[in-house]
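Heads up: the structure comes next, in structure tokens.
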Amino acid sequence: MDKGLIKIAAFVISLWAVPAVATPMLTAGDLRPAQSLDGAWHYSVDPYRDGEAGFHGGEPGPSSRRYADLDVEAAMKADPTALFEYDMDQSPTATLPSSWLTHAPEMRYYQGLVWYERKFDAQPKPGMRQFLRFGAVNYRATVWLNGRKVGAHEGGFTPFALEVTGVVRAGQNRLVVAADSASSDTTLPPSVTDWENYGGITRSVRLVETPTTYVDDLWVRLTRDGRITADAQLNGPASANQAVTVRIPELNVTIGGKSDAAGKWSGSVGVPSRLRLWSPETPKLYAVTASSGSDAITDQIGFRTIAVKGAQILLNGKPIYLRGISVHEEEIGANPGRNITPEAAHDLLAVVKDGLHGNYVRLAHYPHSEVMTREADKIGLLVWSEIPIYWRVAFDNPQVLAKARTMLAENIERDRNRASIIIWSVANETPVSAPRTDFLETLADDAHRLDPTRLVSAALLNDRTTTNGHAEMVLNDPLVSHVDVLAINTYNGWYTADKLADVPNITWRVPADKPLVFSELGADALAGFHDPATMRKESEEYQAAFFRQTLQMADRIPTLVGMSPWVLKDFRSPRRQHPVFESGWNRKGLISPTGQRKQAFQVLADYYAKKASDAASIK
Ligand code: GCB
């Protein structure tokens with residue numbers, strides 16, 4: 001075959017291979033009426049994985065099958081020769097969702113397998129289908145209902161739904177989840193990161209009931225050609241040739257039609273003149289209902305466009321500067337457990353919106369809870385959404401690439417109805433090599449294909465050189481041609497020995513025809529530690545000066561259209577063990593774990609207030 005043909009064949013194969021999320025997807029599964037299974041669960045640690053396999057391999061013996069549908073205490077009483085080395089019903093309880101790190105002091109540094117059990121009463125309606133829908137389990141989950149294995153999922157940050165029709169019974173049910181946080185070279189992220197690996201059932205668990213044929217996927221958006229476009233996918237025996245209707249009552253819009261043989265439908269209408277576009281200033285959401293047969297789902301959806309033109313980012317056709325900050329999924333408080341309730345999400349995002357005068361957040365370094373992206377929609381913050389392709393990924397391993405593609409697809413398919421999200425990021429700080437670039441190009445192409453309405457980016461590394469006696473940063477990454485927005489993390493004056501006074505004179509050599517954002521910039525400070533005289537690192541004064549100088553540098557870069565400094569709040573990181581300043585926390589927050597503002601907070605807030613008023617005066 002000649003080279004051209006090989007390229008075409010490879011392209012065709014790659015199209016065919018775009019991963020879609022396995023059904024059921026149960027889009028908006030967090031909003032469908034459901035029975036919540038949050039609350040008290042029993043848990044039992046299993047560091048030697050006794051419940052997974054016997055000590056010679058193979059099936060675990062009856063004494064350690066934590067997933068069995070069995071009352072252990074009653075079984076021991078009934079047969080005095082019976083041996084059990086677990087009893088989930090009598091194990092300690094924890095309130096879920098939450099990482100196990102906060103269940104008990106000895107759980108803090110545990111990474112491995114933990115079993116969870118919860119009993120619940122159900123009344124499944126005959127002729128309906130039932131699904132267990134997990135918001136996320138970090139990192140692997142295997143699920144048993146009434147002693148039957150009903151499914152498994154890998155990836156700590158995206159939802160999954162398992163059909164349990166015929167397994168869930170009227171009356172009492174026993175649900176067991178094996179949650180495994182162990183990381184390795186082939187997990188995403190791999191073992192070494194810079195944040196706490198919050199293992200466990202970290203997002204809500206719900207029992208959802210649907211008609212036998214139901215709307216499994218729905219995507220409604222404003223496309224760049226100025227139309228409201230809707231896609232739906234039905235699931236069930238009557239999916240083909242079914243009437244589907246999407247209604248937006250407040251706009252008097254109805255789009256309807258019939259599904260094809262595969263249960264797919266799509267339709268569109270011109271934008272009604274009374275549509276109020278979504279933006280950070282006017283975060284208007286509309287109730288959108290999709291119905292087919294006896295099923296209906298309602299989501300709250302905003303309509304806006306996002307595009308790039310040369311080095312500009314255009315929101316609803318107008319250039320915008322992204323006044324952002326990076327955020328980890330960790331609630332404000334002295335002992336966070338990755339428990340993102342709507343209130344916790346609101347508290348974090350309100351600091352960005354009202355305190356910093358921001359219009360944008362980078363939700364680093366993995367898909368955050370859908371509670372957070374829904375709150376961003378409501379409060380009016382643009383979002384950079386990311387998958388955990390972080391640092392040393394096994395880029396030459398095809399199975400890892402397959403996992404990454406699934407994670408990206410799961411993230412996009414969960415959240416593509418969120419107006420707040422404008423950028424899908426495929427990676428953070430991955431050193432350039434041929435396998436890495438192939439890997440990330442595949443992801444960038446997937447993102448464009450799965451969602452042509454948004455922008456694609458990745459936080460890149462840069463080279464450093466000296467030009468005319470001053471430092472110059474050079475972007476030399478072949479991935480540049482595959483992304484819409486260039487993004488760089490910069491720490492000159494923190495991780496380098498540059499004097500802060502020299503930072504404003506650092507220049508940047510970057511492609512001039514694409515928008516650039518600083519996806520990170522930052523320095524540590526321990527809240528309350530002051531050192532105005534010597535300005536040593538870790539003092540609030542040093543961090544504030546770092547921001548002042550770096551912002552001056554930023555002002556001299558013509559194509560820079562936004563930033564998301566690192567980071568809103570100090571966050572837990574086992575890497576950070578300075579006994580005085582860090583004690584297990586990354587201190588680059590502008591606020592302390594409990595929300596105390598450091599001096600640098602005001603520096604950035606003032607900078608953004610000025611940017612906001614400059615932007616308002618241009619309009
Ligand atoms: C980075 C990483 C981020 C780290 C941060 C730091 O470049 O992207 O995950 O936490 O630097 O504090 O070093």
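The values are calculated or read from the model by the stated rules, or taken from the named source; none is laboratory data. Since we're looking at a predicted model, the values are computed, not measured. Note that each Cβ is placed from the backbone with ideal geometry, even for glycine, and that neighbours are counted across all protein chains shown. Side chains are part of the model used for accessible areas, which takes the heavy atoms of the whole protein and leaves out ligands, DNA and RNA. Shrake-Rupley method; radii C 1.70, N 1.55, O 1.52, S 1.80 Å.
For segment 330-349, taking the residues that are free of Cβ contacts under 8 Å to residues at least 60 places away in the same chain and open to solvent by less than 20 Å² (accessible area, probe 1.4 Å), the one that is farthest from ARG203 (Cα to Cα) is identified as LEU349.
When segment 467-506 is filtered for residues that are away from the ligand (no atom under 16 Å from the Cβ), of a type in the set (Asp, Glu) and within 22 Å of VAL308 (Cβ to Cβ), only ASP484 remains. Is there a residue in segment 507-517 that is open to solvent by 10 Å² or more (accessible area, probe 1.4 Å) and within 16 Å of the ligand (Cβ to nearest atom)? The answer is no; no qualifying residue exists. Given the criteria under 20 Å from ALA427 (Cβ atoms) and surrounded by 21 or more Cβ atoms within 10 Å (Cβ to Cβ), does VAL361 qualify? In short, yes. Regarding segment 175-183, can at least one residue be identified that is under 17 Å from LYS119 (Cα atoms) and open to solvent by 10 Å² or more (accessible area, probe 1.4 Å)? Checked segment 175-183: no residue is under 17 Å from LYS119 (Cα atoms) and open to solvent by 10 Å² or more (accessible area, probe 1.4 Å). For segment 416-443, the candidate set comprises residues that are crowded, with 23+ Cβ neighbours inside 10 Å and assigned to a helix (DSSP H, G or I); within that set, the residue that is nearest to the ligand (Cβ to nearest atom) is LEU440. Selection over segment 18-70 of residues that are over 32 Å from the mean Cα position of the chain (by Cα) and open to solvent by 70 Å² or more (accessible area, probe 1.4 Å) gives a count of 5.
Residue pairs whose Cβ atoms lie under 6 Å apart, separated by 6 or more positions or on different chains, with the first residue in segment 569-586 and touching a residue at least 60 places away in the same chain (Cβ under 8 Å) and the second within 10 Å of the ligand (Cβ to nearest atom) and open to solvent by 30 Å² or more (accessible area, probe 1.4 Å), are ASN586/ARG576.
With respect to GLY310, determine if the residue is on the phi > 0 side of the Ramachandran plot and in contact with a Pro (Cβ under 7 Å, 6 or more places away or on another chain). When the stated conditions are applied, GLY310 does not pass them. Of the candidates ARG118, ARG129, ARG133, ARG206, the single residue that is among the basic types (Lys, Arg), in contact with a His (Cβ under 8 Å, 6 or more places away or on another chain) and assigned to a strand (DSSP E or B) is ARG118.
Residue by residue, here is whether (1) within 16 Å of the ligand (Cβ to nearest atom); (2) assigned to a strand (DSSP E or B); (3) surrounded by 23 or more Cβ atoms within 10 Å (Cβ to Cβ); (4) at pLDDT 95 or above holds:
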| site | (1), (2), (3), (4) |
| --- | --- |
| GLY528 | no, no, no, yes |
| ARG536 | no, no, no, yes |
| TYR542 | yes, no, yes, yes |
| TRP566 | yes, no, yes, yes |
| ARG575 | yes, no, no, yes |
| ALA600 | yes, no, yes, yes |
| ALA605 | no, no, no, yes |
| SER617 | no, no, no, no |
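Just so you know, in segment 545-560 the residues that are away from the ligand (no atom under 16 Å from the Cβ) and open to solvent by less than 20 Å² (accessible area, probe 1.4 Å) include one that is nearest to the chain's Cα centre (by Cα), and it is LEU560.
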